[in-house]
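Take a look at the structure below.
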């Protein structure tokens with residue numbers, strides 16, 4: 001947890017990447033949104049290439065929440081190789097901030113985190129186990145995964161909200 005969230009998303013992203021490099025878990029970060037991820041049969045699938053506008057969307061999402069005082073989290077959802085696929089998360093209310101262990105009050109604080117294997121309710125068997133994703137560049141395969149993953153939308157929404 002940092003003392004205060006930087007006003008500039010690029011600086012926050014640089015802090016996040018530095019954190020991930022220090023932890024030896026990533027050398028690159030890509031910003032994703034729900035439509036870029038499918039969860040099917042316990043596996044994570046990422047649509048590639050990542051849309052070019054995702055960085056601007058993540059930056060806008062970050063900037064719009066700086067003045068709320070409920071905290072902002074930059075969190076890894078999954079990996080492909082040494083690239084972390086992450087999102088910008090912010091709680092919508094005090095109780096949600098409390099449940100996500102985010103300090104409230106101004107200045108807004110920045111939380112940096114990454115996941116390790118263990119599922120939704122389990123502890124990982126080893127700290128270095130990661131949630132690896134499978135890249136999908138084929139549009140037909142992506143549509144099939146979307147249909148198959150539709151029943152997991154509620155579970156997937158917990159990764160972003």
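Taking label positions 7 Å along the Cα-Cβ direction at both residue 56 and residue 19, the computed distance is 2.7 nm, reported to one decimal. Between the alpha-carbon centres of region 1-21 and region 90-109 there is a gap of 17 Å.
Over the chain, DSSP H runs of length four or greater, each weighted -39,500 (n - 2.57), average out per residue to a 222 nm ellipticity of -9000 deg cm²/dmol.
In this entry, region 3-115 is assigned a mean projected area of 7.3 nm², taken as a quarter of its C-alpha convex hull surface.
Would region 1-63 count as rounded, prolate or oblate if I go by the C-alpha gyration tensor, calling it rounded below 1.5 in a/c and otherwise prolate when a/b exceeds b/c, oblate otherwise?
Oblate, since a/c reaches 1.5 and b/c is not below a/b.
Pairs of Cα atoms nearer than 8 Å and 6+ residues apart set the relative contact order; for region 9-160 it is 27 percent.
Computed from the coordinates by the stated procedures, all read-outs in this text should not be read as laboratory data. As the structure is a computational prediction, the values presented were derived from the model and not from experiment. Note that we place each Cβ from the backbone using ideal geometry, even for glycine, and neighbour counts take in every protein chain shown.
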